[in-house]
Amino acid sequence: MSGLDLAAATAAAAPVLIGGYAYVGYPLALAALRPLVGHRRVAGPEDVTEWPEITITVPCYNEAAGIAATLDRLLAADYPADRRRIVVLSDASSDGTDEIVRQYHDRGVSLLRLPERRGKSAAENAAFGALWGTIVVNTDATTVIPPGSIKPLVAAFADPTVGVASGRDVSVSAVAAEANQGEAGYVGYEMWVRRLETAIDGIVGASGCFYAIRRSLYPSDFPEHLSRDFGSPLLARVAGYRAVSVHAAVCGVPRAGELEQEYRRKVRTMARGLRTLWFQRALLNPFRYGWFAWMLASHKLARWLVYPALLLSLAGFVVMAARSMLGAMLLAGVLVGVAVGWLGWRWPWSAARPRLLSLAGFALAANVAGLGAWRRSLGGTRDAVWEPTRRVT
């Protein structure tokens, strides 16, 4: 094999090698390390002698259709009513959301409205003066919080080393809906990896749908174009705390009804994630941050490097196709795979997509979204204002 052939084959295999490590090798390494470094326990309700005062923040934009149900669930949660407050952060909603929230004022719900749309992080920054207690619980207007989930999440802070606690996402859909099946499998996998990370040291990113942070760590000037749920564990680590995933703190995350919705969401969230990682890039130094630096590089950076590696891979396959029949057959196989994924993504008929096509479409949409996120991030686009994904409920 010539040097050019070897280089082309290596380039073609780059996404598989990087992705194989990030998605398979890294979790297996975590599982192997777990018995060697010990198991770090997450504090539970049994460790709490007195429940702390908390503020529950709910950032939203035009959620009139579901905000009442969200507030009713939060008010019914198993947590002392005199030790919690709820603040709805309206990003200049224009559909009647604010009027609905005001009806809950006598039940301990406050409304903080931004006069103009500035984005989720800006709304959360504005909430700083309205925070009460020692713990801030963040959730979304579309997230379903079971009654027994807030106590386990807050209980994690009985461990003084914990600065951020993240809930366990469970992907759900309406019974009659043809929702995005690929999303559900990925969410379950992600929660498994976070559980392994928690046992060894701590997670590198929290669930934006449901997580909590010490009020002393809550930044009032967090950059509006960055991801706060990813950035919070990073800020906590800089301050000497760790972030944990709380298995008992379940939250239901409705799936996107269409892959196109999920595609747009992934472009936005990955671009913000890339910028957030660059903002806290010092945490990638293993000599200073040890296990955490390795976890951050493996869980986040390695996964995101798969996407630019796809372009390198395509170039490798083109070179191989020009030099041998085997290379041409491999390139043809790649193109067929892309075509199948495109069909699954753009399924044109009214009937539900077959499961395999749905998974192929999800995979293609995720990869194209990753490339779009890199382009947006490197291009300097700062999309602070967000359009919430309207999910199937």
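The values are calculated or read from the model by the stated rules, or taken from the named source; none is laboratory data. All figures in this text were calculated on a predicted structure; none of them were measured in a lab. A quick note on method: Cβ atoms are made from the backbone with ideal geometry, for glycine too, and the neighbour counts reach across all protein chains shown. What goes into the accessible areas is simple: the full protein's heavy atoms, side chains included, and nothing from ligands, DNA or RNA. Shrake-Rupley method; radii C 1.70, N 1.55, O 1.52, S 1.80 Å.
Any idea which residue in the stretch 107-132 is surrounded by the fewest Cβ atoms within 10 Å (Cβ to Cβ), counting only those that are of a type in the set (Gly, Ala, Ser), under 25 Å from Glu50 (Cα atoms) and touching a helix residue (DSSP H, G or I) at 6+ places or on another chain (Cβ under 9 Å)?
Ranking the qualifying residues of the stretch 107-132, first place goes to Gly108.
So which of Ala32, Ala8 ends up being at pLDDT below 95, among the small types (Gly, Ala, Ser) and either surrounded by 16 or more Cβ atoms within 10 Å (Cβ to Cβ) or at positive phi (or both)?
Sole residue among the options that is at pLDDT below 95, among the small types (Gly, Ala, Ser) and either surrounded by 16 or more Cβ atoms within 10 Å (Cβ to Cβ) or at positive phi (or both): Ala8.
Of all residues being within 16 Å of the chain's Cα centre (by Cα) and of a type in the set (A, V, I, L, M, F, W, C) in the stretch 220-248, which is farthest from Ala165 (Cα to Cα)? Just the residue, please.
Leu226
Got a number for residues in the stretch 223-238 being in a loop (DSSP other than H, G, I, E, B) and either under 30 Å from Gly148 (Cβ atoms) or of a type in the set (Val, Ile, Thr) (or both)?
1
Quick check on the stretch 287-324: of everything there that is over 26 Å from the mean Cα position of the chain (by Cα) and among the hydroxyl-bearing types (Ser, Thr, Tyr), which residue is surrounded by the most Cβ atoms within 10 Å (Cβ to Cβ)?
Checked the stretch 287-324; the qualifying residue surrounded by the most Cβ atoms within 10 Å (Cβ to Cβ) is Ser313.
Out of all the residues in the stretch 183-230, which are surrounded by 21 or more Cβ atoms within 10 Å (Cβ to Cβ) and at pLDDT below 85?
If the condition is that a residue be surrounded by 21 or more Cβ atoms within 10 Å (Cβ to Cβ) and at pLDDT below 85, then Glu183 is the only one that fits.
Condition test on Ala249, is it open to solvent by less than 10 Å² (accessible area, probe 1.4 Å), in contact with an Asp or Glu (Cβ under 8 Å, 6 or more places away or on another chain), outside any loop (DSSP other than H, G, I, E, B) and in contact (Cβ under 8 Å) with a residue 12 or more places away in the chain?
Criteria not met by Ala249.
Would you be able to tell me the number of residues in the stretch 129-173 that are of a type in the set (D, E, K, R) and part of a strand (DSSP E or B)?
Qualifying residue count, the stretch 129-173: 2.
For the stretch 68-106, give me each residue that is open to solvent by 70 Å² or more (accessible area, probe 1.4 Å), within 17 Å of Gly252 (Cβ to Cβ) and touching a helix residue (DSSP H, G or I) at 6+ places or on another chain (Cβ under 9 Å).
Answer for the stretch 68-106, where residues must be open to solvent by 70 Å² or more (accessible area, probe 1.4 Å), within 17 Å of Gly252 (Cβ to Cβ) and touching a helix residue (DSSP H, G or I) at 6+ places or on another chain (Cβ under 9 Å): just Asp78.
Kindly provide the set of residues from the stretch 316-358 that are of a type in the set (Ser, Thr, Tyr) and at pLDDT 90 or above, ordered by number.
Hit for the stretch 316-358 is Ser324, nothing else.
Please state which of the following conditions Arg168 fails to meet, knowing it meets all the rest: (1) in contact with a helix residue (DSSP H, G or I) (Cβ under 9 Å, 6 or more places away or on another chain); (2) modelled with pLDDT under 85.
Unmet condition: (2).
So Ile135 fits all but one of (1) over 14 Å from Phe210 (Cα atoms); (2) more than 19 Å from the chain's Cα centre (by Cα); what number is the exception?
The number of the failed condition is (1).
Among helices (runs of 4 or more DSSP H) lying entirely in the stretch 268-364, which contain 1 or more residues that are under 23 Å from Pro223 (Cβ atoms) and free of Cβ contacts under 8 Å to residues at least 24 places away in the same chain?
286-296
Report yes if some residue within the stretch 316-335 is closer than 25 Å to Ala8 by Cβ, of a type in the set (D, E, K, R) and out of contact with any strand residue (DSSP E or B) (no Cβ under 8 Å at 6 or more places or on another chain); otherwise report no.
Yes, because at least one residue in the stretch 316-335 is closer than 25 Å to Ala8 by Cβ, of a type in the set (D, E, K, R) and out of contact with any strand residue (DSSP E or B) (no Cβ under 8 Å at 6 or more places or on another chain).
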